[in-house]
Amino acid sequence: MKLLQRLLDDNPQEADRWILIVDDDISFPLAGVDAFIALAVAAGLDLAQPAHLPTSASTFQVTAVRLGSLVRLTRFVEVGPVVLVSPRVRGAVLPFPVDVEMGWGLDVEWTQLVDQGFRLGVVDAAPLVHQGPAGTSYSRPREFAVLKDRLARVGANSSHELARDTGQIWRPWQPRPRWRVS
């Protein structure tokens, strides 16, 4: 995350620009990254991630692709492998905290964004495959410690208890999501 923050600092973006963060070990085998972005924008998401196909290395059930869904509102967007940040939420997620190495626990903090009026969601119609597995090239004990601290701050025991859908789904037969998109 420090390298990403340095990249952002060295390449300032206009305030109305979206930021896409992508790991180097993913693919979009069914629809492209453009479809993911277009659906996230059309759904009015502030923080978005593509769903994971069954063959993808994933951690959270909420990120698994759901049939019959274009986009789902969630209370959780994982810190990787792909995250789309809207201009509206940028100030709430950037800059990345200086104590974060690989990002573990940021998604825990991001769950609080829903209570601030931001929309988090998973795009099912443009799923990815993450080659993974995650966490094999860095110190997992340090990341677990950071995660544990962030969980304590929000009063949770596990990221999994925070990783859930809201029940609001944009279905393929609907011309637009039922939630109001401004």
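The values are calculated or read from the model by the stated rules, or taken from the named source; none is laboratory data. Everything quoted here is computed from the prediction, not taken from an experiment. Glycine gets a Cβ as well: all are built from the backbone with ideal geometry, and neighbour counts include every protein chain shown. With ligands, DNA and RNA removed, areas are computed over all heavy atoms of the protein, side chains included. Shrake-Rupley method; radii C 1.70, N 1.55, O 1.52, S 1.80 Å.
A few remarks follow.
- Taken over region 162-182, the criterion of being of a type in the set (Phe, Trp, Tyr) and over 24 Å from GLU109 (Cα atoms) is satisfied by TRP170, TRP173.
- The lone exception for GLY44 - which of (1) open to solvent by 30 Å² or more (accessible area, probe 1.4 Å); (2) out of contact with any Asp or Glu (no Cβ under 6 Å at 6 or more places or on another chain); (3) assigned to a loop (DSSP other than H, G, I, E, B); (4) closer than 22 Å to ILE169 by Cβ it fails: (1)
- Condition check for ALA57: closer than 22 Å to GLN131 by Cα, modelled with pLDDT of 95 or more and of a type in the set (Gly, Ala, Ser): no
- Scope region 5-35; condition assigned to a loop (DSSP other than H, G, I, E, B), under 27 Å from SER58 (Cα atoms) and open to solvent by less than 100 Å² (accessible area, probe 1.4 Å); matching residues: TRP18, ASP23, ASP25, PHE28, PRO29, ALA31, GLY32
- For first residues located in region 1-28 and over 26 Å from HIS52 (Cβ atoms) and without any contact (Cβ under 8 Å) to a residue 24 or more places away in the chain, partners that are open to solvent by less than 100 Å² (accessible area, probe 1.4 Å) and basic (Lys, Arg) and lie 6+ apart or on another chain with Cβ distances below 9 Å form the pairs GLN13/ARG90.
- Checking ASP23, ASP16, ASP34 one by one, the residue that is charged (D, E, K, R), in contact with a Pro (Cβ under 7 Å, 6 or more places away or on another chain) and under 19 Å from HIS130 (Cβ atoms) is ASP23 and no other.
- Residue identified as under 26 Å from GLU14 (Cβ atoms), in contact with a helix residue (DSSP H, G or I) (Cβ under 6 Å, 6 or more places away or on another chain), among the small types (Gly, Ala, Ser) and at pLDDT 90 or above among ALA163, ALA156, ALA126: ALA126
- Test: GLY44 is more than 20 Å from GLY105 (Cα to Cα) and in contact with a Ser or Thr (Cβ under 9 Å, 6 or more places away or on another chain): yes
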